[in-house]
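The values are calculated or read from the model by the stated rules, or taken from the named source; none is laboratory data. Keep in mind that what you see is a predicted model, and the values were worked out from it rather than measured. No Cβ is skipped: glycine too gets one built from the backbone with ideal geometry, and neighbour counts run over all protein chains shown.
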Amino acid sequence: MSPDINRMPNMEDVKIPRFVTITQAAKMGVMSVYSLRLMLKQGQLPGYYAGTRFYINLDRLLEQLENGNSAAGQEPKPA
């Protein structure tokens, strides 16, 4: 049974997430290494372990920061 070409997503519409290490994210200027490691320890860093190395889902992290989540992963306090 062959796949229906009309039902397959257009490759231009498929978004592939970018994964980077903590050091790479810090070098990009996202946050400091210390802040990223603190978020990881608190379970607030989106990503996964591959062996002993942690890979951050950069797109999710940037989205999380844009939505106002602090480094501690808590909702911002109303002004």
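Assorted remarks:
- For region 44-53, the criterion of being part of a helix (DSSP H, G or I) and touching a strand residue (DSSP E or B) at 6+ places or on another chain (Cβ under 8 Å) is met by no residue.
- All conditions but one from (1) at pLDDT below 95; (2) surrounded by 10 or more Cβ atoms within 10 Å (Cβ to Cβ); (3) out of contact with any strand residue (DSSP E or B) (no Cβ under 8 Å at 6 or more places or on another chain); (4) not hydroxyl-bearing (Ser, Thr, Tyr) apply to Pro17; the one that does not is (3).
- Looking only at region 34-69, and only at residues there that are more than 8 Å from the chain's Cα centre (by Cα) and aliphatic (A, V, I, L, M), the one that is farthest from Lys15 (Cα to Cα): Leu38
- Within region 24-41, considering residues that are over 13 Å from Leu58 (Cβ atoms) and polar (S, T, N, Q), the one surrounded by the most Cβ atoms within 10 Å (Cβ to Cβ): Ser35
- Region 35-59 residues that are touching a residue at least 12 places away in the same chain (Cβ under 8 Å), paired with ones that are surrounded by fewer than 10 Cβ atoms within 10 Å (Cβ to Cβ) (beta carbon under 8 Å, 6 or more apart): Tyr55/Tyr49; Asp59/Lys15
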